[in-house]
């Protein structure tokens, strides 16, 4: 466990995500876990994630939700996908020190697009709900069970 992992103190079951792209890696560190019911991503909110009011910036929350949605699409379709639309409802805030976590699922997929939804929480308190539409990049369909780099 790196010193950053100890500082972030992720809840039991979360492990460091190491296959993310440069944008997401810069905004992390992020963690993940897979359960029988699905998957979760998490991050310990830091001051750099916040706006001038000391709460997590809406853009950070939306980027986090976009990554969750993209992961859900890949897990369900084994196809790399690009965001077409992302709608977010901000329900409450997260502050430095809070553990922010979320999960997502595909609600419908066709040959070319996937529809999905995500929720972000601090504890049991909902922070954000998001829905998305993703363009399935069929030429990037993965034949094996490997996970691609998260967005």
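Using per-residue counts of other Cβ atoms within 10 Å, averaged over each peptide, order 64-73, 33-42, 110-119 from highest down.
64-73, 110-119, 33-42
Please give the contour-minus-distance gain from residue 23 to residue 87: 0.36 nm per residue of separation, less the Cα-Cα distance, rounded to one decimal in nm.
21.0 nm
For the chain, what is the mean residue ellipticity at 222 nm derived from helices alone (per DSSP H run of n ≥ 4: -39500 (n - 2.57); sum divided by total residues; nearest 500 deg cm²/dmol)?
-6500 deg cm²/dmol, from helical runs alone.
Per 5 Å bin, what percent of the C-alpha pairs of the stretch 3-141 does each bin hold, from zero upward?
Percent of pairs per bin, in order: 2, 10, 21, 23, 21, 13, 6, 3, 0.
Suppose R0 equals 30 Å. What FRET efficiency, 1/(1 + (r/R0)^6) with r the Cβ-Cβ distance, do residue 113 and residue 36 give to the nearest 0.05?
The computed FRET efficiency comes out at 0.60.
Rounded to the nearest 0.05, what FRET efficiency is calculated for residue 12 and residue 125 with R0 set to 25 Å and r the Cβ-Cβ distance?
Computed FRET efficiency for residue 12 and residue 125 comes out at 0.80.
Going by alpha carbons, how many degrees (0 to 90, nearest 10) lie between the helix axis of 58-77 and the longest principal axis of the chain?
40
Values quoted throughout were computed directly from the atomic coordinates according to the rules given, and no laboratory measurement underlies them. No experiment lies behind these values; they were computed from the predicted model shown. Glycine gets a Cβ as well: all are built from the backbone with ideal geometry, and neighbour counts include every protein chain shown.
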